[in-house]
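Undergrad: For reference, the structure I am asking about is given below.
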Amino acid sequence: MINKNFLQEASLLQLSEEIFSTVINDRVELNSIQNLLTEKVKEAETINFILADGLGYKNLISLETSLKENIKKIINTTFPSSTNVALTTFAMMRNPIDHGILGYYMYDRNKFGLINALNWNNENKSLLGNNHFKNQESIWKKLKSLNTHVSNFQPENLVGSALSNFLYEKSSTVPYKTLDNLIEMLSEASFLENRFNFIYYPNVDIAGHIFGVYSAEWELEIKKFEKAVERISQASNKKTTTIISADHGLCNIPLENRHNLSYKNSIQIYGDQRSVYINGTRSEVEKVFSNIPGDLISRSDLKHLLKEPGNSYIEAFYPDYCFLLKENHIIYPKHLQAELKGYHGGLTEEELKIPIIEIHNF
């Protein structure tokens, strides 16, 4: 059964709104403030927000780490629990159905067909130039209009990508090469005066995908991140609060629970491998998924997780059905065959629950 109250529960969206209102010192700027942050944050002169890709709450509490000791709240990430959906939700302070990035893969019925909405190719990245996307006001545009000193730190290989260009203001984006390089820059005078720093850190997710969650390699990556957080939080003499959260957690998928799908071109299968979007007739869809452990949900139930589209443009991306796989199962559609160990995208607590961690240097 799906959680019909999902959209009413505290999530990454509310965290984004609350961070924004705290940065601009206006706690009544938005109507959905849920006191996800402590009162002490209001005293901070500088606020760092680190989005640690893949640092799920259920994954994190398996380890002995100071990060765990500083967890203040547990919230939901987006549905689906995917990086591009979560990053866009944070940057735009809007639900996925409103900003329009609905999954790892999307399907445009009108023009582009199947789209990798994380790594946009040259053909379909022009979709992001549509007025629906182009006219959205990101957190960065809002902060720039308020003359707030901010920086957005991204791994250098991601700077300039189609998704990065859509989400972030070019003038506030700073590439970094390594963790040491990032920490050095955060200690520079030009950045020490910032009111807000956003830091995207992908390495926990990468280790979870390649080696599996709870592996020795994954644990080592968490330890590296923990030490980096300590250095970042102490980099300035100003009163600094460092907030850490995630876009999702991960779950390991045993080899026997991996299912390759065979289907005709009359149906489209896309979205995420654990929350699968499908277009087609019900009889065709039921046939394809007949031996896959999970639940087929119709559009009328999907609205509890994704809402209904508010305009005809988003309607073109909205699926006929969604198949939610059972815990520790995954499907491989025709366009995805890479064999990883850790995955996400679904609704288990491992994937869905993310921490809010606060560390203060005062």
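The values are calculated or read from the model by the stated rules, or taken from the named source; none is laboratory data. Small disclaimer: the values here were computed from a predicted structure and weren't measured. In this analysis, Cβ positions are derived from the backbone assuming ideal geometry, glycine residues included, and neighbour counts consider all displayed protein chains. Areas reflect the complete protein model, heavy atoms only, side chains present, ligands, DNA and RNA absent. Shrake-Rupley method; radii C 1.70, N 1.55, O 1.52, S 1.80 Å.
Undergrad: Kindly list, by first and then second residue, each pair from a residue in the stretch 44-73 that is within 26 Å of LYS238 (Cβ to Cβ) and aromatic (Phe, Trp, Tyr) to a residue that is in a helix (DSSP H, G or I) and open to solvent by less than 10 Å² (accessible area, probe 1.4 Å), limited to pairs with Cβ atoms under 6 Å and residues at least 6 apart or on different chains.
TA: PHE49/ILE19
Undergrad: With the checklist (1) under 20 Å from SER16 (Cβ atoms); (2) out of contact with any Leu (no Cβ under 7 Å at 6 or more places or on another chain); (3) in contact (Cβ under 8 Å) with a residue 60 or more places away in the chain in hand, flag the one item SER245 doesn't pass.
TA: Failing condition for SER245: (2).
Undergrad: Further question: So which residues in the stretch 77-103 are outside any helix (DSSP H, G or I) and either more than 8 Å from the chain's Cα centre (by Cα) or surrounded by fewer than 23 Cβ atoms within 10 Å (Cβ to Cβ) (or both), if there are any at all? Quick ask: steps written out before the conclusion?
TA: So in the stretch 77-103, the residues outside any helix (DSSP H, G or I) come out as 77-82, 93-95, 100-103.
If the condition is that a residue be outside any helix (DSSP H, G or I) and either more than 8 Å from the chain's Cα centre (by Cα) or surrounded by fewer than 23 Cβ atoms within 10 Å (Cβ to Cβ) (or both), then PHE79, PRO80, MET93, ARG94, ASN95, GLY100, ILE101, LEU102, GLY103 are the ones that fit.
Undergrad: Still on this structure, please answer the following. Determine whether the stretch 205-214 contains at least one residue that is in a helix (DSSP H, G or I) and among the β-branched types (Val, Ile, Thr).
TA: At the first step, the residues of the stretch 205-214 found to be in a helix (DSSP H, G or I) are 205-211.
Now restrict to residues that are among the β-branched types (Val, Ile, Thr): 206, 210.
Yes, because at least one residue in the stretch 205-214 is in a helix (DSSP H, G or I) and among the β-branched types (Val, Ile, Thr).
Undergrad: Just to confirm my filter: which helices (runs of 4 or more DSSP H) fall fully inside the stretch 131-171 and include at least 3 residues that are over 20 Å from ILE19 (Cβ atoms), open to solvent by 30 Å² or more (accessible area, probe 1.4 Å) and not aliphatic (A, V, I, L, M)?
TA: Numbers: elements: 131-134, 139-145, 162-167.
Once the helices (runs of 4 or more DSSP H) in the stretch 131-171 are filtered for at least 3 residues that are over 20 Å from ILE19 (Cβ atoms), open to solvent by 30 Å² or more (accessible area, probe 1.4 Å) and not aliphatic (A, V, I, L, M), what remains is 131-134.
Undergrad: Return the only residue of TYR270, TYR263 being modelled with pLDDT of 95 or more and in a loop (DSSP other than H, G, I, E, B). Let's see the steps before the verdict.
TA: On the way: TYR270 fails: in a loop (DSSP other than H, G, I, E, B).
Being modelled with pLDDT of 95 or more and in a loop (DSSP other than H, G, I, E, B) holds for just one of TYR270, TYR263, which is TYR263.
Undergrad: Which ones in the stretch 322-348 are outside any loop (DSSP other than H, G, I, E, B) and out of contact with any Gly (no Cβ under 8 Å at 6 or more places or on another chain)? Full working, then the answer.
TA: First pass over the stretch 322-348, keeping only residues outside any loop (DSSP other than H, G, I, E, B): 322-325, 330-332, 342-343.
Once the filter is applied, which keeps residues that are outside any loop (DSSP other than H, G, I, E, B) and out of contact with any Gly (no Cβ under 8 Å at 6 or more places or on another chain), the stretch 322-348 yields ILE330, ILE331, TYR332, TYR343.
Undergrad: Which of the residues spanning the stretch 227-240 are touching a residue at least 60 places away in the same chain (Cβ under 8 Å) and crowded, with 17+ Cβ neighbours inside 10 Å? Walk me through it before giving the result.
TA: Applying the first criterion (touching a residue at least 60 places away in the same chain (Cβ under 8 Å)) to the stretch 227-240 yields 229-230, 232-234, 236, 238-240.
Selection gives VAL229, ILE232, SER233, SER236, THR240.
Undergrad: With the structure loaded, tell me whether LYS58 is within 26 Å of PHE362 (Cβ to Cβ), of a type in the set (D, E, K, R), modelled with pLDDT of 95 or more and open to solvent by 10 Å² or more (accessible area, probe 1.4 Å) or whether it fails that test.
TA: On the way: within 26 Å of PHE362 (Cβ to Cβ): no; of a type in the set (D, E, K, R): yes; modelled with pLDDT of 95 or more: yes; open to solvent by 10 Å² or more (accessible area, probe 1.4 Å): yes.
Here the answer is no, as LYS58 does not meet what is asked.
Undergrad: Could you tell me whether PHE191 is assigned to a strand (DSSP E or B), on the phi < 0 side of the Ramachandran plot and either under 21 Å from the mean Cα position of the chain (by Cα) or surrounded by 12 or more Cβ atoms within 10 Å (Cβ to Cβ) (or both)? Spell out how you get there, then give the answer.
TA: Details: assigned to a strand (DSSP E or B): no; on the phi < 0 side of the Ramachandran plot: yes; either under 21 Å from the mean Cα position of the chain (by Cα) or surrounded by 12 or more Cβ atoms within 10 Å (Cβ to Cβ) (or both): yes.
Judged against the criteria, PHE191 is not a match.
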